[in-house]
Amino acid sequence: MNHKSTRLRQDASKLPLLALAMFSSVLLSSGVAAEYSSLWGRQGEPWTTQSRLPDFSYAGYHNGEQPLPTAAPGVSVKQFGAQGDGVADDSQAFLTALAEVKTGAIEIPPGRYKITKILEITRSGVVLRGAGPDKSVLYFSTPLNDITGFTSAAMTTGLPISISGPASFTISR
């Protein structure tokens, strides 16, 4: 090897550092102001009740820091009379299942379940578990404000909810 090729190789090894230095100096001298979201403060102030965005940092089971517990296979809502045909009102079958099952899963087989009443889970350890996305669909055909008599922009307007397993669900139109 000659002296010239060794020198070229040494100079080439410095190119990435040189390019980085030039790029950094261009950025620093461009005078572009830092951008920030108009939804949050200039200094990244934390969320407050006056903020425009809700804080979902601690949403989920045990603040999202622990996995969901697994429930053993349970009883089918069809054992309580649910049809799952999208026509018959399956509310009473769900209400009966929720009243009788003390702990464990209430399985919702594939189907479209029409619900016209409020379903309330009042005990810890009771799980509604569907067969998967687009398989087990709870269709709330009556808006909540029609059931309760309350009027609020936060009430449901009849969107179907697909139960896809113990950890997730989707809302679709």
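Rule-based calculations on the coordinates, nothing more; no lab input. Quantities reported herein were computed from a predicted structural model and do not represent experimental measurements. Using ideal geometry, Cβ is built from the backbone for each residue, glycine included, and neighbour counts are taken over all protein chains shown.
What is the local net charge at Asp89, summed over the other residues whose Cβ is closer than 9 Å to its Cβ (Lys, Arg +1; Asp, Glu -1)? Walk me through the numbers before you get to the answer.
Values: positive: Lys114, Lys117; negative: Asp90.
Net local charge, Asp89 excluded: +1.
Which FRET efficiency, nearest 0.05, do Asp89 and Phe150 yield, Cβ-Cβ r, R0 25 Å?
According to the calculation, E is roughly 0.70.
What's the FRET efficiency of Leu119 with Phe56 using the Cβ-Cβ distance as r and R₀ = 25 Å, to the nearest 0.05?
My answer for the efficiency is 0.60.
Count the net charge of all other residues whose Cβ sits under 11 Å from the Cβ of Ile115, scoring Lys and Arg as +1 and Asp and Glu as -1.
Net of charged neighbours comes to +1.
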